[in-house]
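Q: What follows is a single structure, and I will ask about it in a moment.
The values are calculated or read from the model by the stated rules, or taken from the named source; none is laboratory data. From a predicted model like this one, the values you see are computed outputs, not experimental measurements. Here the Cβ positions follow ideal geometry from the backbone for every residue, glycine too, while neighbour counts run over all protein chains shown. Side chains are part of the model used for accessible areas, which takes the heavy atoms of the whole protein and leaves out ligands, DNA and RNA. Shrake-Rupley method; radii C 1.70, N 1.55, O 1.52, S 1.80 Å.
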Amino acid sequence: MQISALRDDVLRVRVGPAGQLPEDASWAVLPAARTSTAAVTAESSATTVGFKTAKLHVSVHKDPFELTVTDLDGHVITADFPGRPIEYHGSSFRVYMKSPFDEHYFGLGDKAGPLDRRNHAFTDWNTDAFGWQESTDPIYKSIPYFITFHQGVCAGIFLDNTWRASFDFNKEYRDAYSFGSEGGPLDYYILYGPEPKAVVESWAWLVGKTPLPPLWSLGYQQSRYSYYPEAEVRRVASRLRSEHIPADVMWLDIDYQLKNRPFTVDPEKFPHFDQMIQDLKAQHLRTVVITDLHIAYLPNAGYKPHDEGVGGDHFVKNPDGSTFVGVVWPGKAVFPDFTQKATREWWGTLYSDFVSKGIAGFWNDMNEPAVFEVPSKTMPDDVQHRIDESGFAPRVATHLEIHNVYGMENSRATFEGLRKLAPNERPFVMTRASYAGGHRYAATWSGDNSSNWYHLRQTIPQLLNLGLSGFAMSGADVGGFAASPQPELLTRWLELGAFQPIDRDHTAMGTNPQEPWENGTPEDLDLRRRYIEERYRLLPYLYTTTEEMSRTGLPIMRPLFLEFPEEASGKQAVDPAVDNDFMVGPNLLVAQSPFPDEMDDYSVALPPVGWYDYWTGARVEGSTGRRAIDNTQVAQAEVHIHRSLDTLPVFVRAGAIVPEQPLVQSTDEKPEGPLTLRVYPPTGFNKDCKGSIYQDDGVSYDFEKGQFLRVNFTCRLSAQGIIVAVTPPEGSFAPWWKLLSIEVYGASKPATAANVTALQGGGAEQISTAYDAEHHRITALVPDTGKGLELQLTY
């Protein structure tokens, strides 16, 4: 066993059962992180050997052999389960660790089930799982990484092993969790917090961050399997515009292709495909098309992807050296060998024609890899993959080793190819299957969900765990993919979708139409449109949160415990197992009913920081109550929610300043009017008050050259009222606004005076204000000269 300190708070544990450590290589961990080192001080005794970093104690008990990691305050981070820390059975292994009764577990990507993984067990083996349900496992992605959370102390554990792996949280032993694999290396990492955000940021340091996506990917997106022929695509696009439903993307599933062959276009269904792409662009609608990885097996038929792939020896082999052929959508198909760098580079060139036509994004589906007409739903175990990759010894590996990483390397090939074809344009790639670190290359979604109430409820914990696992740019098919939703279900899903990172309405072949104007009354359409419009008003806040994600790894959609962790003393702030509430960025709390199909009212336990109702602007006064969390009675503010189709409950943290913009119909459209700053003054719970906005051109990498805009906002209470400050901007990007509409919420009366002072010289200037009693706000319209200002309101 080799235990290394990569940082003071990150450890790596490697085990070689035959006295020799496995190959030091990784598809997931960044080379700079994997080779990093931290200073340690030896700590040994007659019975133990170990060391200390600036944050952790590492101790190995010699007999019996047990590894324990604690922080400097004595909190146990990981401890081998007595009597069976590591077990080997041939090439398979299993690691057992102690599990306190009040420890919680999160992560593992898009597994079905509740947010907290405790009392559940899971398998990592990427699987095409159409119509998956709560008990379905495995499904599409393998992210062998989870977060532990115990009395406010948080840690992460990552098993860097691409073979079929499994995780058991208190099923086999009620006081232990375990993880293991049927083959491959025992190579795992321990990431110490103690705060949950610190663990998330360390995970991003270890395996990489999600790159800043194009702004349009945050817009509303319309899809189905499939929109065809061309006239139907044009009809839906025109209806989006005529109904004034803000939208940015039209998706094309496999039926735009000739006989389902990737990188082709059916000339009968789409006789003017190139012009259609340009016409959609003129309507400010970008096009994302599917490009599955299976290449139609068409020798001597003039099919370029097949002929080039054969010529370059780019396809996966059988053990006898022949090319593996499986049946997928185009019939017989062959599969690129993405573990070869040369094959990934070739795959990237296949997008040249589509990029030149103006197609904006690409969808890598079926990349588990899915194979039809076989019980396993995938390639045979003994299919051969040739590893030719920096950091790895060149060798041949079986599919058992490569299966779980295959989809990630497919999306990597697409992303890297697009970077070469359009170096100054941010790629958008959507993948269904992936591995740890795959968020460096692609966004994702939760696969083929179903149009039922359970799957609406499942959306939240699934996207939260994806975000904690690195895939912050994720979504669930709005409305459900399999079957057709009831009108109320579609409405509620569109409401929720407005607050998830990717907002894509998508449904299957043979289902009823699922666009916002379908399956409901005119009143339903008005309500659905209103929530999509609210998403577009919130785009400055969403994009600012997305940019934070790209720098820190913090997800856009967050479980409450990420923002409100328990204190290490055991003081409880929120129940970490609650999976129907979530944060959007640091300041918005969305509280869906725990059972959205039920008619009953419900209550929400808000963290004790002070809150405002997003829709009314009123301060939220909850009734103080007590509830048990991990057998401890704690005080919380209970807010009663009357169930209403009109309103998805959204709350704003006291002390937040939320930027919003005038309504637009797409992200291409320049907002007309002022930038709105919604100021929610701090309460007695919290004196902090801040916010920010980040802007750039939304499509290029010019922000890396300083062409961005960042402005910070603060507020502080005064004896007379409130003072709101706007800092001078960072960066050289010019904002679209010239005015600021500063709205102060929670007001019970009009302002008696308002003065604005420039931060860079100039005296105070009196301005007028307006008071809206219905929304409890005072509004001041202030010119923004770009030099910073301070607004003082007296009321």
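Q: Within the set of other residues whose C-beta is less than 9 Å from the C-beta of Val478, count the net charge using Lys and Arg as +1 and Asp and Glu as -1. Please report the intermediate quantities before stating the final value.
A: Working: positive: Arg504; negative: Asp477, Asp503, Asp505.
Net charge around Val478: -2.
Q: Still on this model: Rg and Dmax of segment 353-462, Cα atoms, in Å?
A: In order Rg, Dmax, the Cα atoms of segment 353-462 give 16.4, 49 Å.
Q: Which residues' amide hydrogens lie under 5 Å from the amide hydrogen of Ala753, considering only partners 5 or more residues apart or on another chain, with H built in the peptide plane?
A: Thr794
Q: Which FRET efficiency value, to the nearest 0.05, do you get for Asn119 and Asp381 by plugging their Cβ-Cβ distance into 1/(1 + (r/R0)^6) with R0 = 35 Å? Show your work: numbers first, answer last.
A: Numbers: r = 31 Å, r/R0 = 0.89.
Taking R0 as 35 Å, the efficiency between Asn119 and Asp381 is 0.65.
Q: If I model a spin label at Asp702 and Ala54 as a point 7 Å from the Cα along the Cα→Cβ vector, what separation in nanometres do I get?
A: It is 4.0 nm.
Q: Name the long-range amide H neighbours of Tyr105: under 5 Å, sequence gap of 5 or more, or other chain; modelled H, no Pro or chain starts.
A: Amide H neighbours of Tyr105, under 5 Å, 5+ apart: Arg117, Arg118.
Q: Using the 4.7 Å Cβ rule, please list in number order the cysteines from the chain without any candidate partner.
A: Result for the chain is Cys154, no neighbouring Cys Cβ within the cutoff.
Q: Measuring from label point to label point, each 7 Å out along Cα→Cβ, what is the Arg551 to Asp102 span in nm?
A: 3.6
Q: Could you please report the charge total around Pro649, scoring K, R as +1 and D, E as -1 over all other residues with beta-carbon less than 10 angstrom from its beta-carbon?
A: Numbers: positive: Arg643; negative: Asp581, Asp613.
Charge balance near Pro649 sits at -1.
Q: Mind giving me the FRET efficiency for Arg643 and Met509? R0 is 51 Å, r the Cβ-Cβ distance, nearest 0.05 is fine.
A: Numbers: r = 34 Å, r/R0 = 0.66.
After rounding, the FRET efficiency stands at 0.90.
Q: Another question, if that's okay. Using modelled backbone amide H atoms (1.01 Å from N, in-plane), which distant-in-sequence or interchain residues come within less than 5 Å of Phe81's amide H?
A: Tyr96, Met97, Lys98
Q: A follow-up question, please. Over the chain, with the other protein chains present, what is the accessible area per residue in square angstrom, probe 1.4 angstrom? Could the numbers behind the result be given before it?
A: Values: 28280 Å² over 795 residues.
Value returned for the chain: 36 Å² of accessible area per residue.
Q: In addition: Starting from the Cα of Lys98, draw a straight line to each of the lysines and keep only those under 28 Å, dropping any in the same chain fewer than 8 residues away.
A: Within the straight-line limit of under 28 Å, Lys98 reaches these lysines: Lys52, Lys55, Lys62, Lys111, Lys141, Lys171, Lys197, Lys571.
Q: Then there is this: Go through segment 698-714 residue by residue and turn each phi into a ³J(HN,Hα) via Karplus (6.51, -1.76, 1.60, θ = phi - 60°); whole Hz please, and just put x for glycine and proline.
A: Taking θ as phi minus 60°, the curve returns x, 9, 9, 9, 5, 4, 5, 9, x, 8, 9, 10, 9, 10, 9, 10, 9 Hz for segment 698-714.
Q: Could you order the peptides 658-671, 781-794, 428-441 from most to least packed, using the average number of other C-beta atoms within 10 Å per residue?
A: Working: 658-671: 18.7, 781-794: 17.2, 428-441: 27.0.
Listed from highest to lowest mean packing, they are 428-441, 658-671, 781-794.
Q: For segment 480-629, what class follows from the C-alpha gyration tensor (a ≥ b ≥ c being the square roots of its eigenvalues): rounded when a/c is under 1.5, otherwise prolate if a/b is larger than b/c, else oblate? Walk me through the intermediate numbers first.
A: Working: a/c = 1.92, a/b = 1.56, b/c = 1.23.
Prolate, because a/c is 1.5 or more and a/b exceeds b/c.
Q: Could you run the Karplus curve 6.51 cos²θ - 1.76 cosθ + 1.60 with θ = phi - 60° over segment 293-307 and give me ³J(HN,Hα) per residue in whole Hz, x for Gly and Pro?
A: 7, 6, 9, 3, 7, 9, x, 6, 10, x, 8, 4, x, 5, 5
Q: Give the lysines reachable from Lys420 as a straight Cα distance under 24 Å; neighbours fewer than 8 places away on the same chain don't count.
A: Correct list for Lys420: Lys209, Lys281, Lys304, Lys341, Lys357, Lys705.
Q: Taking the full set of protein chains and a 1.4 angstrom probe, give the accessible area of Met1 in square angstrom, rounded to the nearest 10.
A: Result for Met1: roughly 80 Å² accessible.
Q: Mind listing which GluC sites (Glu not before Pro) in segment 15-86 are in a DSSP loop and have 13 or fewer other Cβ atoms within 10 Å? Intermediate results must be reported in sequence, preceding the final value.
A: On the way: sites: Glu23, Glu43, Glu66; in loops: Glu23, Glu43.
Filter output for segment 15-86: Glu23, Glu43.
Q: Sticking with this structure for a sec: Over the alpha-carbon set of the chain, work out the extent along each principal axis and list the three values in angstrom, largest first.
A: Computed over the Cα atoms, the extents are 84, 78, 54 Å.
Q: By the scheme Lys and Arg +1, Asp and Glu -1, what is the net charge of all other residues having a beta-carbon under 15 Å from that of Ser45? Intermediate results must be reported in sequence, preceding the final value.
A: Working: positive: Lys52, Lys62; negative: Glu43, Asp63, Glu66.
Charge balance in the 15 Å sphere: -1.
Q: From the phi angles alone, apply the Karplus equation (6.51, -1.76, 1.60; θ = phi - 60°) to segment 321-338 and give each ³J(HN,Hα) in whole Hz, x where the residue is Gly or Pro.
A: Using θ = phi - 60°, the values come out as x, 6, 6, 5, 10, x, 9, 9, 4, x, x, 4, 8, 10, 10, x, 8, 5 Hz.
Q: How large a share of the accessible area of the chain, in percent, is made up of carbon and sulfur atoms when the probe is 1.4 Å and the other protein chains stay in place? Write down the numbers at each step before the final one.
A: Values: 14380 of 28280 Å².
It is 51 percent, rounded to a whole number.
Q: Report the Cα-based extents of segment 328-369 along its three principal axes, largest first, to the nearest Å.
A: If we take the Cα atoms of segment 328-369, the spans are 29, 25, 16 Å.
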